[in-house]
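Each reported figure results from applying straightforward, stated rules to the coordinates on display, with no laboratory input. Every value quoted in this text rests on a predicted model; they were computed, and no experiment measured them. Neighbour counts run over all protein chains shown; Cβ positions are idealised from the backbone, glycine included.
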């Protein structure tokens with residue numbers, strides 16, 4: 001299952017002055033606990049979350065997602 005590439009998100013967020021989960025959550029119009037779970041890898045981002053990150057931080061979807069190395073194409 002794909003996970004969020006948190007380091008890339010945090011780097012771009014810091015460039016925009018969003019240095020923590022609360023600031024990212026405000027920009028993405030979501031709650032801090034959701035962003036914290038995404039960053040820690042506890043949960044998988046929805047396509048809507050990924051699209052919001054792409055829009056707000058200018059990160060391609062390919063750069064936002066780490067694909068599970070063990071998962072193969074069906």
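Mind jotting down a quarter of the surface of the convex hull over the alpha carbons of the chain, in square nanometres, one decimal?
The orientation-averaged projected area of the Cα hull of the chain comes to 4.7 nm².
If you line up the long axis of helix 47-57 against the longest principal axis of the chain, both from Cα atoms, how many degrees apart are they, to the nearest 10?
Roughly 50 degrees between the two axes.
Run lengths n ≥ 4 of DSSP H only: what is the helix-derived mean residue ellipticity at 222 nm for the chain, with -39500 (n - 2.57) per run over all residues, to the nearest 500?
Value at 222 nm, helices only: -15500 deg cm²/dmol.
Any idea what the relative contact order of the range 3-58 is, in percent, if you count C-alpha pairs under 8 Å spaced at least 6 apart?
42
How do 39, 66, 24 rank when sorted from fewest to most other Cβ atoms within 10 Å of their own Cβ?
With the sparsest Cβ surroundings first, the list reads 66, 39, 24.
Give the angle, between 0 and 90 degrees and rounded to the nearest 10, that separates the Cα long axis of helix 6-15 from the longest principal axis of the Cα atoms of the chain.
30
Mind sorting 1, 48, 53 by how few other Cβ atoms lie within 10 Å of their own Cβ, fewest first?
Ordered by Cβ neighbours within 10 Å, fewest first: 1, 48, 53.
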